[in-house]
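Take a look at the structure set out below.
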Amino acid sequence: MHPNAPPPRRTHAPRGPHAPRRPRGQGGPLHGQNSPGFTLVEVLVALAIVAVALAAGMRAAAGVVEGARRLADVTAAQWCADNQLTALKLSRQFPGVGDADFSCEQLGREYRGTLRTRPTPNPNFRRVDAVVRNADGQALLTVTTVASRL
């Protein structure tokens, strides 16, 4: 090669640390950019997806909490009903037909209830329903038993 001859032409772009760099925003594989980051639209779409997923997760968590609260209320109402029906059996009295109101406190909450005593076709038995309601008057549970004349 002659000392004054021009350097040979390259058929591909130079690589390495000394290669000339293109200015940002010119050329490149995605929207003319040669940066390894994300575009604003991509970031906003990702944030929207995360927000929707978090909202769905919060709704699901709220449902679990509501279910646990409902379970605690029904369990405490069951205890109240069982206590009333056990007291009736322990009294060894044949219950009269009619309704009797009661109140009960369980787990720091106040419950109200009604013992409904009804006749049966056999005069030696009575049907007794213990209906337990929360403080708002909403029925939570009904437990039924049969009392006998002994």
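The values are calculated or read from the model by the stated rules, or taken from the named source; none is laboratory data. In this text, all values refer to a predicted model and were calculated from it rather than measured experimentally. So basically every Cβ, Gly included, is an ideal-geometry build from the backbone, and we count neighbours across all protein chains shown. When the accessible area is computed, the model is the full protein with side chains, heavy atoms only, and any ligands, DNA or RNA have been set aside. Shrake-Rupley method; radii C 1.70, N 1.55, O 1.52, S 1.80 Å.
With θ taken as phi - 60° and the Karplus curve 6.51 cos²θ - 1.76 cosθ + 1.60 applied, the whole-hertz 3J(HN,Hα) list for segment 111-121 is 10, 10, x, 9, 9, 9, 10, 10, x, 10, x Hz, x standing for glycine and proline. In the assembled protein chains, GLU105 presents an accessible area of approximately 120 Å² (probe radius 1.4 Å).
Could you order the peptides 72-81, 117-126 from most to least packed, using the average number of other C-beta atoms within 10 Å per residue? The partial results should precede the final answer.
Numbers: 72-81: 18.7, 117-126: 11.9.
So the peptides 72-81, 117-126, ranked by packing, come out 72-81, 117-126.
Based on the Kirkwood approach, the hydrodynamic radius assigned to segment 25-150 is 19.2 Å, with every pair of different Cα atoms included. Taking every C-alpha pair closer than 8 Å and separated by at least 6 residues, the mean separation divided by the residue count of segment 72-130 gives a relative contact order of 29 percent. Size descriptors for segment 39-107, from the alpha-carbon set: Rg then Dmax equal 24.8, 81 Å.
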